[in-house]
Structures are given as C-alpha cells and as structure tokens.
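Working notes, beginning with the structure itself.
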Amino acid sequence: MRRLYSWVPSLYVMEGLPFALVNTVALILFKNLGFDNAEITLFTSLFTIPWFIKPLLAPIIETSITKHKLILLISSGFGFLVLLLAASLNWNYFFIASIGIFFALAFISSLFDMTVDGLYIAQLNRTQQAHFIGIRTVSYHIGRLIAQGGIVLLASLLFTRFGIKLSWQIAFICLALFVLLIALYHSWVLPVDQSPSFQSNSYLYHFKAVLAELHALPYFKHVVIFVLLYNFSENQLIKIIPLFLMDSTAHGGLEFSTAYIGMLIGTIGTISMLMGILFSGLLLAKISLSRYLLPVTILSGITNFGYLFISFYGIQSIYFITIIIIMTQFTFGLSNGAYMLYLLNSFSKGTYYMSLYAIGTALMGFSAMFGGAISGYLQSLFGYNEFFSWIIVCNATIIVYCYYLIKKGYCHA
C-alpha cells in the first residue's frame, strides 16, 4: 500500500492541472486581456470537445502503447505546451495561437484522464481502489486548486510590478517547471505495465462490443437525459461567475480584482466544493442515492438564488459574496457526489466497463461544452439579471426530472 501512495496522489494532482487550466484559467486570462464575454465562453467551451470524443480514443490507448510510457509522454507535452503558451503572449496573433494551444492542452488532458484511470484500475485491486477513491478525488482537486487558485493568484500579485502579459508569462513558466518536475518524479516511481497486444481488428471488435453493451444498459434513455441535464445550469455558471465578478459595474458586473477572483473562485470556491464532495461520500455511504438525490438537488437550486439576488440588487459586499460562493460551491459538491455516483453506477457494468465509463464522461463533457458555449451568448443578449433568472429555471427543471426518476424507480444505487 505504501508503494501506491508514492504515485497515486501525485498522478491525480497532475490530472487536475490541465482541466483547470483550460476551463478556468483561460477565462480569467482572456478577460484580463480585454476579450468579449461571448467570445471567451464560446471558445473556452469548445476546449471540452476532446473530453467527449474519449470513447473513440479509448480502444487505441488500450491496444497500442503502455500506460507508463504514455503518461510520461503526455506529461512532458503538457509542460512544453504551457511554455509555448507563455511565449505566445508576445505574439501578434496571440488569441488565435492561444486557442490552438489550449485546445492541444485539452486534447492531451483527455488522453491523460483515460490513461491514468486505466493504470489505476490495472494496478489496484478492488480493495485498494476503494481505499484510494477519496484520496483520488482530493488529489485531483488539489491539482485544480494549484492551477485556478495558485497560478491566477501569482499572476495577479505580479500585475502592478510587471504588467499583465509578463506576469502571466512568469506564472505559466512556474507551472511548466512544476509539471516537468512531477513528470521526472513519475519516471522513477510509476509502475511499468505490460505492453498491450495490438491486433489489426482489435479496435473495431472492441468498439462494436462496447456499443452492444451500451445499448443493453438499464434505463439507457433516462440515464443519458440525466447525465446531459443534471449539471446544465452549473456548466453555465462556471463560465459566467468569474466574468460577472470581473465585469465593470456599467455592464452589470462587480469589478473585483483578478487577485480576489483567484482567491475566491480558485481557492475558497474549490475548497468549499471539495468539502461538499467529501461530505457527500459520507452521506451516500449511509443512505441510498434515491433518498439523497432530490434533497441535495433542491438545496443546490436554492443556493443559486444568491447570484440572482446579488445581480438584481448590485451587492458588492465582499463578505456577502464570499458566503454565497461558499454555499453554492459546497452544495454543488454535495449534488456532484450524487451525479458522479449515478454516472458510475450506470456505466460501470459489463465486460467493457472502462470504455462504457468513458462514454458516460463524454456525455458529461458534451453537456459542459454546450452549456458553457451558450452561456456567454445568453448573458450578452439578456444581461446578468435575466441570465441568473434563466439558471433558476434550469434548476427547477432538473428538480422535477429527479422527482420523476425516483418516482418511476429509475434512480438505482
């Protein structure tokens, strides 16, 4: 067990870094550089495309290269791309170049997710997997915290001395060095898995078998609807909240500094969400998902009224807004625990459970991409007040659907 502690936590820290970089840090970077909300949310949402094409890539990874080699290769590529991102800040066509770099980061991140999960399942038995499930989650969110909290905060603290561009370059160089050091560490401690036996027909055979098992899943139609809709409102809020806090008061925003955004969203918000996820695990160990799902979904919807209240009344109290962020992120963590358990229970069945789970997370990624992509357009079209009203409507819809699932017996666990 001690050997597993030498690589499992650090590997999942690495998994959380690129996800936060392309989904949160990119938002703040582009906003600092003066880009439009609709452009920012559209392009940063498109970065999630690699996560929902994972099922097409999973058979290739399983049959063509060892997971040990691929993890080290991707980690090195991650560090190089972050250095390239730092350099691109001085280019004339920065926005176009950065879009390409962030998309490449998203692509290798999706490969990294699958490879890490594959190595985890291959190297740990069922008892060990159960032991590390909480450690895995904590480590992953520590990685997100380092990127969307630490890196953003570091850049913002340097603004007054070095300016926006140079400050972000320094922050990205620090991140790249951190990633490369972890990659070097992993080259020593990661277990070496056996080379896969590649067959010319293995990909097609695997893919057809996975589709057959997917079609045979219980309540397949309702599972897909649930996965697509459950976090639809949160996927929009993730994109808009940082922009709302940073936008000028003339545009309905609150005009908070980048340093405060990094501290509030990247640090306090992430810790609150993580506490909610951990607490949800404790609760779900004692009560069934069918009893748990509806109350936490209602609670999460209620706390989102806080954003509507802040927007309508133009509240700029740091203490009040911090409380709202803590409450919304904690309840999101509670509801996200139910969401992930539903996803795991629904897609971890059959012979090809790894590929089936990749399909489930791909649907989750599509929901994140679509929700994020339309969020900036809706906010720009209607304003912040109407946007947050729309979020409440989305919350009410999923609450009704959860009630329907439970009543019909489709919420299994």
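Where a number appears in this text, it was derived from the coordinates with a stated rule and is not lab data. From a predicted model like this one, the values you see are computed outputs, not experimental measurements. As a convention, Cβ positions derive from the backbone with ideal geometry for all residues, glycine included, and neighbour counts pool all protein chains shown.
Given DSSP loops and a limit of at most 16 other Cβ atoms within 10 Å, what is the longest stretch of the chain that contains no such trypsin sites (Lys or Arg not before Pro)?
The longest uninterrupted stretch comes out as 1-285.
Residue by residue, what Karplus-based ³J(HN,Hα) values in Hz, rounded to whole numbers, does the range 40-47 have, using 6.51, -1.76 and 1.60 with θ = phi - 60° and x for Gly and Pro?
Each residue's phi maps through the Karplus curve to give 4, 5, 5, 5, 5, 6, 5, 5 Hz.
Starting from the exponent 0.38 and prefactor 2.2 Å, build the expected Rg for the range 296-413 from its residue count and divide its actual Cα Rg by it. Please report the intermediate quantities before stating the final value.
Values: Rg = 16.8 Å, N = 118, 2.2 N^0.38 = 13.5 Å.
Normalised by 2.2 N^0.38 Å, the Cα Rg of the range 296-413 equals 1.25.
Quick one: length gained pulling Tyr401 to Lys165 fully straight, 0.36 nm per residue minus the C-alpha distance?
Full extension from Tyr401 to Lys165 adds 80.4 nm.
Roughly speaking, what is the stretch gain from Leu157 to Asn92, that is 0.36 nm per residue apart minus the C-alpha to C-alpha distance, in nm to one decimal?
Using 0.36 nm per residue and subtracting the Cα-Cα distance, I get 20.9 nm.
Which FRET efficiency, nearest 0.05, do Glu39 and Tyr319 yield, Cβ-Cβ r, R0 35 Å?
Approximately 0.60, to the nearest 0.05.
Let me have the 222 nm mean residue ellipticity of the chain computed from DSSP H runs of 4+ only, each contributing -39500 (n - 2.57), with the sum over all residues rounded to the nearest 500.
Calculated mean residue ellipticity at 222 nm is -26000 deg cm²/dmol.
To one decimal place, what orientation-averaged projected area in nm² is obtained for the convex hull of the Cα set of the range 1-191? It would help to have the intermediate numbers written out before the result.
Details: hull surface 44.0 nm².
Computed as one quarter of the Cα hull surface, the answer is 11.0 nm².
How long is the gain from Leu57 to Leu282 if the chain were fully straight, where each residue apart is worth 0.36 nm and the alpha carbon distance is subtracted?
Stretched fully, the Leu57-Leu282 segment lengthens by 77.6 nm.
Per residue of the range 82-93, in order, report the coupling 6.51 cos²θ - 1.76 cosθ + 1.60 (Karplus, θ = phi - 60°) as ³J(HN,Hα) in whole Hz, putting x for Gly and Pro.
Karplus values, whole Hz, x for Gly and Pro: 5, 4, 5, 4, 4, 5, 5, 4, 9, 7, 5, 9.
With springs only between Cα atoms under 10 Å apart, run a GNM on the chain and tell me which of Gln169, Gln329, Gln148 wobbles the most.
Ranking Gln169, Gln329, Gln148 by mean-square fluctuation puts Gln169 first.
Starting from the 7 Å offset along Cα-to-Cβ, what nm value, one decimal, do you get for the label separation of Leu4 and Val192?
2.3
In the neighborhood of Met246, defined by Cβ-to-Cβ distances under 9 Å, what is the net charge if each Lys or Arg adds +1 and each Asp or Glu adds -1? Display every interim value, and only then the final one.
Working: positive: Lys31; negative: Asp247, Glu255.
So the environment of Met246 carries a net charge of -1.
Take the alpha-carbon positions of the range 217-305, form their convex hull, and give its projected area averaged over all directions (one quarter of the hull surface) in nm².
On the way: hull surface 29.7 nm².
Answer in nm², one decimal: 7.4.
Taking a spot 7 Å from the Cα of Ser380 along the direction of its beta carbon, which residues of the range 67-111 have an amide N less than 17 Å from it?
So the set is 95-96, 99.
Have a look at Ser187, Ser156, Ser110 and tell me which one the Gaussian network model of the chain (Cα, springs below 10 Å) gives the largest fluctuation.
Ranking Ser187, Ser156, Ser110 by mean-square fluctuation puts Ser187 first.
Thinking of the range 201-413 as a set of Cα atoms, what percent of all their pairs are more than 30 Å apart?
The proportion of pairs with Cα distances above 30 Å equals 28 percent.
May I ask for the net charge around Leu405, where only other residues with Cβ less than 14 Å from the Cβ of Leu405 are counted and Lys, Arg are +1 while Asp, Glu are -1?
Summing Lys/Arg as +1 and Asp/Glu as -1 gives +4.
Neighbouring Cβ atoms within 10 Å as the yardstick, rank Tyr410, Tyr313, Tyr5, Tyr342 fewest first.
Ranking Tyr410, Tyr313, Tyr5, Tyr342 by Cβ neighbours within 10 Å, fewest first, gives Tyr313, Tyr5, Tyr410, Tyr342.
Taking the chain as a Gaussian network, Cα atoms linked when under 10 Å apart, which of Phe94, Phe43, Phe52 shows the biggest mean-square fluctuation?
Sorting by GNM fluctuation, first place goes to Phe94.
Using only the alpha-carbon atoms of the chain, report the extent along each of the three principal axes, biggest first, to the nearest angstrom.
Result, largest extent first: 60, 53, 38 Å.
In whole Hz, with x marking every Gly and Pro, tabulate ³J(HN,Hα) for the range 309-318 from phi via Karplus 6.51 cos²θ - 1.76 cosθ + 1.60, θ = phi - 60°.
For the range 309-318, the Karplus curve yields 5, 4, 5, 5, 9, x, 5, 10, 5, 4 Hz.
Would you work out if the range 77-125 is rounded, prolate or oblate? Take a ≥ b ≥ c from the square roots of the eigenvalues of the alpha-carbon gyration tensor; rounded if a/c is under 1.5, else prolate when a/b is larger than b/c, oblate otherwise.
It comes out prolate by the Cα gyration axes.
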